[in-house]
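The values are calculated or read from the model by the stated rules, or taken from the named source; none is laboratory data. All of these numbers come straight from a predicted model, not from anything done at the bench. Here Cβ is always computed from backbone atoms with ideal geometry, including for glycine, and neighbour counts include all displayed protein chains.
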Amino acid sequence: METQVRVPRPRKCDIFRVEVSATKYEEVVRYAIDCAKRGVSALLDFMPVHGLVMGARDEQFRAVLNDFDLLYTLDDRDWRAGISEAMKVALLKDAPFFAWIEHHAGDLVERSLPAMAHLVHRSAELHLNHIATSGDPFELGSSRPLDFGHWAAHKLEQLSHHELRHGEAVAVGIALDSTYSYLTGSLPHADWRRIIDLFEAVGLPIWHPDMATPGSGGRPAVLAGLEEFREHLGGRLTIMLLERIGSGFEVHELDEAVLLEASDLLRRRIEGGEREGWEPTPALAR
Ligand SMILES: [Zn+2]
């Protein structure tokens, strides 16, 4: 398929508008890959990257605007919300990047633009490298590692009537699936605590009251997100879990009892803080 997307020359000011004549998702992704090959990695900040990958199927994609000054227009909540997507891709692919975020958590919270700019660039690089090298650039298969933490996130956004920002919902979803990874014995305790600690350090939630909102049959409504995610994948359920910071693996089913245990653990953490007893000892992990 011949792409109809015109690749622009970046202007000196590094702000450029891209008129996309095509509306198809595939063409937009091709465009992103073309830009990456040309070294225009600054094109995409991590929020548009995510919109590109996840949201552009049904939306007319009109422009990519790259202007870090726009970040100044965000309030603190939205400034922080995007950090979860960078944490997501760091957890799956780049342990040194995760350590970098830990080291710069204070800078990020204090709205250091150089720190945020680095976060955006590295996150975009990792997203684009995955899209360009995974062998499945349009994510037509069942494996979608960039969806880590998203099965619960999508459902929580809906349950909260979108009061939760996408990035906040992703933080809760990642905290949940990381805790599940720990409780089922795949993720070391120290790595799990680093993840929870970092979410707290950057001011992102690890739990939300809608995790407990009842659904049909008294079962928490968020669990319906698993079935909806399977439908979203278009076939077999595939969920990413963690074996360590920087490395994920896939499973095709989750134990709902352990998921609820993970959610309860995180709820007790936010309600009780560091109070003793909120987390199981590693020996209790399966
Ligand atoms: Zn996302």
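The table below gives the values:
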{"read-out": "Matching entry among V202, V251, V258, V222 (being closer than 18 Å to V89 by Cβ and of a type in the set (A, V, I, L, M, F, W, C))", "value": "V202"}
{"read-out": "Tally, over the stretch 78-105, of residues that are under 12 Å from A201 (Cβ atoms), modelled with pLDDT of 95 or more and within 16 Å of the ligand (Cβ to nearest atom)", "value": "1"}
{"read-out": "Test: S181 is more than 15 Å from the chain's Cα centre (by Cα), hydroxyl-bearing (S, T, Y) and not in a helix (DSSP H, G or I)", "value": "no"}
{"read-out": "Restricting the stretch 78-105 to residues that are among the acidic types (D, E) and either in contact with a Ser or Thr (Cβ under 9 Å, 6 or more places away or on another chain) or closer than 16 Å to D197 by Cα (or both), the residue that is surrounded by the most Cβ atoms within 10 Å (Cβ to Cβ)", "value": "E85"}
{"read-out": "For Y180: the one exception among (1) surrounded by 17 or more Cβ atoms within 10 Å (Cβ to Cβ); (2) touching a residue at least 60 places away in the same chain (Cβ under 8 Å); (3) under 23 Å from P96 (Cβ atoms)", "value": "(3)"}
{"read-out": "Residues satisfying the stated conditions in the stretch 112-157, i.e. modelled with pLDDT of 90 or more, under 24 Å from D69 (Cβ atoms) and among the small types (G, A, S)", "value": "S112, A115"}
{"read-out": "Odd one out for L108, checked against (1) surrounded by fewer than 17 Cβ atoms within 10 Å (Cβ to Cβ); (2) more than 20 Å from R244 (Cα to Cα)", "value": "(1)"}
{"read-out": "Test for A262: is it assigned to a helix (DSSP H, G or I), within 30 Å of H130 (Cα to Cα) and out of contact with any Lys or Arg (no Cβ under 7 Å at 6 or more places or on another chain)", "value": "yes"}
